[in-house]
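> This is the structure I want to talk about, given as structure tokens.
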Amino acid sequence: MASGKMGFDLTHPSDCNVYLVEDQGELALIDSGTGDSVNDICSHIEALDFSLSQVNKIFLTHIHADHAGGAAALKERTGADVFVIESAYETLKAGDEEAIDLTTAKKFGFYPEDYQFTPCVADQLVKEGQEFSIGNLKLRVLETPGHSRFDVSYVIENKNGETYLFSGDTVFYDGKISMLHTQDFHLQTLAKSIEKLADIKANVLLPGHFHPALKHADTHIEKANQIFQSMGVPSNIVE
């Protein structure tokens, strides 16, 4: 539904990849972009002959601005509930730009200077192992901190037994990671999170930036895991 310059240049340059999940006429969004592409996201949903009222869940992988800045506006446009990890609730509610390192990111050109993060009150708090429904699909929560302390990933298994992993900014195609000099990035914690994801044996990897792995997703995740296990550091998507 959205993707920026670190993706497919579909919407605002700073947007993450925003995914739409549908089953039995029920829709859910994974992440929300910066907020500058809300009209585009809504238009893309309607272009697929869906109604915005069919979107009833917005799952955030974490609350960096490129993933969560659009949550409040999309919640208002669709009436959907916003889901976020409990530890992120107050920061998201306050729109605390210092806490999510947005002030620094704007200073160095990752976002326009006039960009403002819109606070959002989450409706439901998620934690490890919880499951939520999207139609007949079950979405499971995995806590995967490291990129930030707020990160989660989401796993969906379809009726054919194929596993789809929405990894946010935890792990990417070709085993890459997003390593930033931010206040809550922690490399060893990220390594443990990727080790957890390697156990999933996912078929499809749908990361927060760049392109997905539509087959053999487990090999991309295992590549990052093996590099960490051998005392190395995977390649960084941020240059």
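The values are calculated or read from the model by the stated rules, or taken from the named source; none is laboratory data. Here the structure is a predicted model, which is why all the values come from computation and not from measurement. Cβ sites come from the backbone with ideal geometry, for glycine too, and all protein chains shown count toward neighbours. Each accessible area value is taken on the protein alone, full model and side chains, heavy atoms only, with ligands, DNA and RNA left out. Shrake-Rupley method; radii C 1.70, N 1.55, O 1.52, S 1.80 Å.
> Between residue 8 and residue 86, 0.36 nm times their residue separation minus their Cα-Cα distance comes to what?
25.0 nm
> If you don't mind, another one. Cross-link candidates for residue 106: which lysines have Cα within less than 19 Å, leaving aside residues fewer than 8 places away along the same chain?
5
> Next up: Whole-Hz Karplus ³J(HN,Hα) for segment 161-167, in order, using 6.51 cos²θ - 1.76 cosθ + 1.60 and θ = phi - 60°, x for Gly and Pro?
Once rounded to whole Hz, the list reads x, 7, 9, 10, 10, 9, 9.
> From the backbone phi of segment 102-119, what are the Karplus-calculated ³J(HN,Hα) couplings (6.51 cos²θ - 1.76 cosθ + 1.60, θ = phi - 60°) in whole Hz, Gly and Pro given as x?
With coefficients 6.51, -1.76 and 1.60, one gets 6, 4, 5, 4, 5, 4, 9, x, 6, 9, x, 4, 8, 5, 10, 6, 8, x Hz.
> Can you tell me the accessible area per residue over segment 1-80, all protein chains present, probe 1.4 angstrom, in square angstrom?
36 Å²
> Under 5 Å between amide H atoms, partner at least 5 residues away or on a different chain: which partners does residue 14 have, H built in plane at 1.01 Å?
5
> At 0.890 mPa s and 25 °C, plugging the Kirkwood radius over alpha-carbon pairs of segment 162-239 into Stokes-Einstein gives what diffusion coefficient in µm²/s?
201 µm²/s
> Now, a different point. Considering amide H positions built from the backbone, and no H for Pro or chain starts, which residues 5 or more places from residue 19, or on another chain, come under 5 Å of its amide H?
Amide H to amide H, under 5 Å and 5 or more residues apart or across chains, residue 19 pairs with 30.
> Where the only charges are on Cβ atoms (+1 Lys, Arg; -1 Asp, Glu), what is the dipole of segment 100-239 about its Cα centre, to the nearest 20 debye?
Taking the Cα centre of segment 100-239 as origin, the dipole is about 200 debye.
> Mind sorting out which of (1) 109; (2) 197; (3) 123 is the real volume of the Cα convex hull per residue in Å³ computed from the coordinates?
(1)
> Turning to a different aspect of this structure: Nothing charged except the Cβ atoms of Lys and Arg (+1) and of Asp and Glu (-1): what's the magnitude of the dipole of segment 58-174 about its Cα centre? Round to the nearest 20 debye.
300 debye
> What is the percent carbon and sulfur in the accessible area of the chain, measuring with a 1.4 Å probe over the protein chains and ignoring ligands?
On the chain, the fraction of accessible area on carbon and sulfur atoms equals 47 percent.
> Apply the Karplus parameterisation 6.51 cos²θ - 1.76 cosθ + 1.60, with θ equal to phi minus 60°, to every residue of segment 202-212 and state each ³J(HN,Hα) to the nearest whole Hz, in sequence, with x for glycine and proline.
So the J values, rounded to whole Hz, are 5, 8, 10, 10, 10, x, x, 8, 6, 8, x.
> Which of the GluC sites (Glu not before Pro) found in segment 94-145 are loop residues per DSSP with 12 or fewer other Cβ atoms within 10 Å of their Cβ?
98, 113, 128
> Would you list, by chain and number, the aspartates and glutamates whose Cα falls below 18 Å from the Cα of residue 215, excluding same-chain residues fewer than 8 positions away?
157, 162, 174, 199
> Something else: Could you provide, to the nearest whole Å², the per residue accessible area of segment 101-239 with probe 1.4 Å?
That works out to 51 Å² for each residue.
> How long are the three semi-axes of the equivalent ellipsoid for segment 89-230, computed from the Cα gyration tensor as the root of 5 times each eigenvalue, in whole Å, largest first?
Rounded to whole Å, the semi-axes are 27, 20, 14.
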